[in-house]
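In what follows, a single structure is set out as structure tokens and then discussed.
The values are calculated or read from the model by the stated rules, or taken from the named source; none is laboratory data. None of the values given here were measured: they were computed from a predicted structure. Neighbour counts are summed over all protein chains in view; Cβ atoms, including those assigned to glycine, are modelled from backbone coordinates with ideal geometry. Just so you know, the surface numbers come from the protein's heavy atoms only, side chains and all, with ligands and any DNA or RNA stripped out. Shrake-Rupley method; radii C 1.70, N 1.55, O 1.52, S 1.80 Å.
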Amino acid sequence: MNQAEKEQYLREYALLKNEGKPFFPYAVAKDAIMAMIVMAVIMLLSLMFGAELGPAVNPTTTTYVPRPDWYFFFLFELLRVMRNAPKMTDLATLGVPTLCMVGLFLLPLYDRSPERLITRRPVALAAGIATIVCIAYLTYSGAVVGSPNQLVLPVPAGLTKAQKATFLAGEIIVGESGCEGCHEIGTYGNNGPGPLLTHIGSILRPGGIASTLKNPTAPMPSFAGLAKSSPKKFDELVQFLSMLHYNSSSWTG
Ligand code: HEC
């Protein structure tokens, strides 16, 4: 802002201030009324529709796959995008949002333009739209992905079409079932307490895998319930595991 602009601003400010109304009580009263209307609408909605609380909590579950609330989907998606680069995860999920916040905080220091009209501020406008589009896109993709633990493994060569479909279904079922809480599969999951499953297909036959899932040794939970409630899913899970014959060099490339 140069000297002339500054003087013009101060002149206009003095004029407007003269004909305006003081903040207290006018603006305060207006805000208070609006706040009360919003509160009343929320109360009315909660009386009419109630709040959905979801199923009762099961404190003993070991296979629960947590998902964030919708307004954190963009951060969650950022984490998911970075899962194949564990070293970058902190940078993506803490670094990038923090840098953006700091940038916003320092805005008055580096944006000294006196322009107020949005059409005369192309850089700010573009940056604002880009931010909204990025967050909207990440929120959307975070909302529509399946389980955050869904596996994406290289599909083994030489599968028939049906086997390939089973393989892809298995990647989703493993993610939903929480196996990665205890097992490492390829670059996914935790190393223990359960053994590595990356080449479980070379160790156990399908029958052995199925009986392990139904009658496991603690702490592994039994998946007999899944076999009962959706036999197809259970079968796909067993078939999928028996297709895992990766050796460690498939991952290190
Ligand atoms: C709470 C931890 C936990 C969870 C969750 C879990 N497991 Fe296990 N799993 C184990 C442990 C511990 C063992 C070793 C038990 C043993 O050897 O008797 C094991 C053993 C196995 C074995 C036998 C491995 C071998 O080499 O003999 C298979 C197969 C297996 N789990 C598959 C799965 C699948 C598939 C899921 C998800 C549907 C799953 N597990 C979920 C802990 C877990």
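Structure data summary
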| item | result |
| --- | --- |
| Subset of the stretch 150-181 (residues that are open to solvent by 10 Å² or more (accessible area, probe 1.4 Å) and of a type in the set (Val, Ile, Thr)) | Val152, Val155, Thr160, Thr166, Ile172 |
| Sole residue being within 9 Å of the ligand (Cβ to nearest atom) and over 28 Å from the mean Cα position of the chain (by Cα), chosen from Pro219, Pro193, Pro231 | Pro219 |
| Total residues in the stretch 210-231, condition open to solvent by 30 Å² or more (accessible area, probe 1.4 Å), in a helix (DSSP H, G or I) and among the hydrophobic types (A, V, I, L, M, F, W, C) | 2 |
| Considering residues of the stretch 44-60 that are modelled with pLDDT under 95 and assigned to a helix (DSSP H, G or I) only, the residue nearest to Ser222 (Cα to Cα) | Phe49 |
| Hey, Thr166 within 11 Å of the ligand (Cβ to nearest atom) and not aromatic (Phe, Trp, Tyr) or not | no |
| Among residues of the stretch 196-205, those that are more than 8 Å from the ligand (Cβ to nearest atom) and open to solvent by 20 Å² or more (accessible area, probe 1.4 Å), counted | 3 |
| Total residues in the stretch 23-64, condition of a type in the set (Asp, Glu) and open to solvent by less than 100 Å² (accessible area, probe 1.4 Å) | 1 |
| Qualifying position, being closer than 26 Å to Leu79 by Cα and either in a loop (DSSP other than H, G, I, E, B) or not acidic (Asp, Glu) (or both), among Gly158, Gly201, Gly207, Gly142 | Gly142 |
| Conditions (1) open to solvent by 50 Å² or more (accessible area, probe 1.4 Å); (2) assigned to a loop (DSSP other than H, G, I, E, B); (3) farther than 16 Å from Pro156 by Cβ; (4) in contact with a Ser or Thr (Cβ under 9 Å, 6 or more places away or on another chain): number failed by His245 | (3) |
